[in-house]
Amino acid sequence: METLQVLTWPGHTEIKSSRSAIAKSRTIRKMSEGFELLSERCSSCGKSAGEIKKVWKEGAEVDEEKRRERLEELRRMGFSGVVSR
């Protein structure tokens, strides 16, 4: 099994405090989730890190014909679960 090395972090809230002689202040920022690919390219398919990031963010185009064929193949093998997009 081939794997990619990816560093991910969840979305979170960041609170920063500042103080002066007179008052205290708090700033709250929402940070979105993120990821960073540590691998330069996929060892299985050979795609570059840039191509992988693009598909990860935008999603991949799905060939409906291939998808239907794969579902039929799974059904013939006895798969009875639900497959979502």
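Details
- Normalised per residue, the accessible area of the chain is 94 Å², obtained with a 1.4 Å probe and no contribution from ligands, DNA or RNA.
- Length-normalised contact order for the chain - Cα pairs under 8 Å, 6+ apart - percent: 24
- Qualifying lysines (Cα of each under 22 Å from Cα of Lys66; at least 8 residues distant if same chain): Lys47, Lys54
- When a 1.4 Å probe is rolled over the protein heavy atoms, the share of accessible surface on the chain that falls to carbon and sulfur comes to 50 percent.
- The chain: angle of helix 49-58 to the longest principal axis, Cα-based, in degrees nearest 10: 90
- Distant-in-sequence amide contacts of Leu4, defined by a placed amide H-H separation under 5 Å and a gap of 5 or more residues or a different chain, comprise nothing.
- Shown here for the chain: chymotrypsin sites (Phe, Trp or Tyr not before Pro) in loop regions (DSSP other than H, G, I, E, B) with at most 12 other Cβ atoms within 10 Å, namely Phe79.
- Between the Cα long axis of helix 64-76 and the first principal axis of the chain there is an angle of about 70°, rounded to the nearest 10.
- Pairwise FRET efficiency - Leu4 versus Lys66, Cβ, R0 = 30 Å, nearest 0.05: 0.85
The values are calculated or read from the model by the stated rules, or taken from the named source; none is laboratory data. All values derive from a computational prediction rather than experimental measurement. Glycine also receives a Cβ, built like all others from the backbone with ideal geometry; neighbour counts cover every protein chain displayed. Remember, those area values only see protein heavy atoms, side chains included, never the ligands or the DNA or RNA. Shrake-Rupley method; radii C 1.70, N 1.55, O 1.52, S 1.80 Å.
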